[in-house]
Amino acid sequence: MRENIKAVGALMKREIRMLAGHRIYWFVMVFAPLFCFLFFMDLLKDGLPKKLPVAVVDEDNTTTSRSLVRSLNAFAQTDVVMRSANFSEAREALQRGDVYGIFYIPANFRRDASTGSEPVLSFYTNDTYFLAGSLLYKDMRMQANLANGAVQQTLLLARGENQPVLTAKLMPVVLDTHPLNNPWLSYAIYLANFLLPAFLCMFVMFTTVYSISEEIKQRTSREWLSVGNNSIVVALLGKLLPQAIIFTIMGMLYLSILYGYAHFPLNSGYFPMFLAMVLMILSAQCFALFVTGISRRSRIALSVCALWGVLSFSICGFTYPVRSMPELAQLGSNLFQMRHYFLIYVDQALNGIPMIYSWQNYAALVVFLFLPLFILPKLKLDLLEFKYMP
């Protein structure tokens with residue numbers, strides 16, 4: 001046991017020298033995660049996209065229509081950058097991508113509204129840009145509803161309706177909304193808490209595959225094993241522990257930025273997310289080790305890890321509910337470590353429930369740690385025989 005511990009220490013020193021001496025490790029383990037952290041935190045710092053350009057076609061051009069346009073421009077997500085009396089001009093701007101939506105006010109809008117002729121307000125959005133189109137659609141529809149309410153209020157007042165009756169007719173049902181866990185409806189809280197760990201998980205898998213493949217490629221794998229007392233377990237511990245420590249530091253930086261600097265919801269305290277981050281990093285290493293052992297080609301292993309990481313964005317319930325997926329996809333989502341990390345984040349950071357209710361997801365991440373057991377003999381044979389295939 002003492003000899004193995006000394007061997008692990010010697011291998012860790014050897015690995016640290018290798019990591020420090022190659023720029024690609026600096027890039028993948030330090031600079032790329034830092035760039036992702038800074039990029040997404042700066043991109044999402046406002047929570048929601050603001051001042052999305054929209055065109056207004058005002059064929060009425062009265063004080064009423066101009067007041068309507070000013071009210072639309074007051075919305076945080078909307079910026080009226082183009083005003084025109086020609087719909088074709090606004091449509092061309094929408095097709096070019098200069099604006100994301102068109103708000104159309106027909107001719108004689110004020111006259112028809114005052115006489116009760118029910119003028120029609122139209123709005124168009126470019127849903128090629130789904131987020132921008134959805135936000136502008138919400139603002140323009142709200143403005144149309146407000147305009148409709150104002151018109152109805154004017155007509156009812158002209159008929160002599162009193163305020164209680166007027167309020168009951170205009171808004172018979174009052175909505176009192178309370179969004180849970182993310183009351184600000186911030187996209188930063190929604191996106192950053194999954195995107196950043198998912199990218200970190202991909203960097204972990206790439207580093208694991210590349211570092212082992214390089215040992216075979218450079219024909220240093222026998223030396224690596226000999227320092228580890230010819231034990232594949234000791235050799236892997238000595239190689240992967242320094243990487244795990246560095247990535248854990250980056251993960252702690254990520255958690256500190258989100259929950260310390262950005263003050264995102266963290267209702268169960270720091271430890272549940274710390275444990276989830278550590279298990280996610282270790283499970284990513286073990287999965288990458290498993291893929292490396294199965295595939296003799298490093299590019300195939302790297303491609304599988306890249307595909308696995310990309311699929312995590314869609315199949316883990318982050319962008320589309322898992323329960324609405326086909327049954328096979330629902331079962332397959334449990335094979336992704338990011339699925340369990342995401343559920344832990346929802347339960348612990350957002351909902352703040354006791355950790356005991358997330359034990360299945362923690363246990364699932366622990367199961368990933370046993371994957372390398374199936375490929376250790378084959379991997380050791382490849383290391384001894386220098387079976388490198390690019």
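The values are calculated or read from the model by the stated rules, or taken from the named source; none is laboratory data. For clarity, every value in this text was computed on a predicted model and none was experimentally measured. Using ideal geometry, Cβ is built from the backbone for each residue, glycine included, and neighbour counts are taken over all protein chains shown. Ligands, DNA and RNA are stripped out before the accessible areas are found, and what is left, the full protein with its side chains, is counted by its heavy atoms. Shrake-Rupley method; radii C 1.70, N 1.55, O 1.52, S 1.80 Å.
Screening Ser283 on (1) open to solvent by less than 40 Å² (accessible area, probe 1.4 Å); (2) of a type outside the set (D, E, K, R); (3) over 30 Å from Ser221 (Cβ atoms) shows it passes everything except condition (3).
Filtering segment 235-277 down to residues that are polar (S, T, N, Q) and open to solvent by 50 Å² or more (accessible area, probe 1.4 Å), which residue is farthest from Pro33 (Cα to Cα)?
Our first condition is that a residue be polar (S, T, N, Q); within segment 235-277, this holds for 243, 248, 256, 267-268.
Of the ones still in play, those that are also open to solvent by 50 Å² or more (accessible area, probe 1.4 Å) are 256, 267.
On the way: Ser256: 14, Asn267: 25 Å.
Of everything passing the filter in segment 235-277, Asn267 is farthest from Pro33 (Cα to Cα).
So, Trp359, is that one under 24 Å from Thr248 (Cβ atoms) and without any contact (Cβ under 8 Å) to a residue 60 or more places away in the chain or not? Yes: the conditions hold for Trp359.
Does Ala198 meet the test of being under 18 Å from the mean Cα position of the chain (by Cα), part of a helix (DSSP H, G or I) and at pLDDT below 90? No, not satisfied. Among the conditions (1) modelled with pLDDT under 90; (2) closer than 28 Å to Val346 by Cβ, Ala284 misses just one, which is (1).
Would you check if there is a residue in segment 71-81 being part of a loop (DSSP other than H, G, I, E, B), within 19 Å of Leu146 (Cα to Cα) and touching a residue at least 60 places away in the same chain (Cβ under 8 Å)?
First pass over segment 71-81, keeping only residues part of a loop (DSSP other than H, G, I, E, B): 74-77.
Within this subset, residues satisfying the condition of being within 19 Å of Leu146 (Cα to Cα) are 74-77.
Now drop any that are not touching a residue at least 60 places away in the same chain (Cβ under 8 Å), which leaves 75, 77.
There is at least one residue in segment 71-81 that is part of a loop (DSSP other than H, G, I, E, B), within 19 Å of Leu146 (Cα to Cα) and touching a residue at least 60 places away in the same chain (Cβ under 8 Å).
Consider segment 40-61. How many of its residues are surrounded by 13 or more Cβ atoms within 10 Å (Cβ to Cβ) and either over 30 Å from Met82 (Cα atoms) or modelled with pLDDT under 90 (or both)?
Residues of segment 40-61 surrounded by 13 or more Cβ atoms within 10 Å (Cβ to Cβ): 40-41, 43-44, 46-49, 51-61.
Those left that are additionally either over 30 Å from Met82 (Cα atoms) or modelled with pLDDT under 90 (or both): 40-41, 43-44, 46-49, 51-52, 58-61.
Looking only at that region, the number is 14.
Checking Pro326, Pro377 one by one, the residue that is open to solvent by 70 Å² or more (accessible area, probe 1.4 Å) and more than 23 Å from Leu236 (Cβ to Cβ) is Pro326 and no other.
Filtering segment 216-233 to residues that are in contact (Cβ under 8 Å) with a residue 60 or more places away in the chain, assigned to a helix (DSSP H, G or I) and open to solvent by 10 Å² or more (accessible area, probe 1.4 Å) leaves Ile216, Lys217, Arg222, Val227, Ile232, Val233. Can we say Tyr210 is in a helix (DSSP H, G or I), open to solvent by 10 Å² or more (accessible area, probe 1.4 Å) and at pLDDT below 85? No: the conditions fail for Tyr210. For Arg14, state whether it is surrounded by fewer than 15 Cβ atoms within 10 Å (Cβ to Cβ) and farther than 30 Å from Leu146 by Cα. No.
Every residue in segment 103-130 that is free of Cβ contacts under 8 Å to residues at least 12 places away in the same chain, at negative phi and open to solvent by 40 Å² or more (accessible area, probe 1.4 Å), please. Give the steps one after another, and end with the answer.
Narrowing segment 103-130 to residues free of Cβ contacts under 8 Å to residues at least 12 places away in the same chain: 111-112, 115, 117-118, 127-128, 130.
Going one step further and asking which of them are at negative phi, we end up with 111-112, 115, 117, 127-128, 130.
Matches in segment 103-130: Arg111, Thr115, Ser117, Asp127, Thr128, Phe130.
Look at (1) modelled with pLDDT of 80 or more; (2) surrounded by fewer than 20 Cβ atoms within 10 Å (Cβ to Cβ); (3) of a type in the set (Asp, Glu); (4) out of contact with any Leu (no Cβ under 7 Å at 6 or more places or on another chain) and you find that Asp79 fails only one, number (4). Right, Gln348: crowded, with 21+ Cβ neighbours inside 10 Å and assigned to a helix (DSSP H, G or I) or not? Criteria met by Gln348.
Residues Leu343, Leu365, Leu289, Leu350: which one is free of Cβ contacts under 8 Å to residues at least 40 places away in the same chain and not aromatic (Phe, Trp, Tyr)?
Numbers: Leu365 fails: free of Cβ contacts under 8 Å to residues at least 40 places away in the same chain; Leu289 fails: free of Cβ contacts under 8 Å to residues at least 40 places away in the same chain; Leu350 fails: free of Cβ contacts under 8 Å to residues at least 40 places away in the same chain.
Every option except Leu343 fails the conditions.
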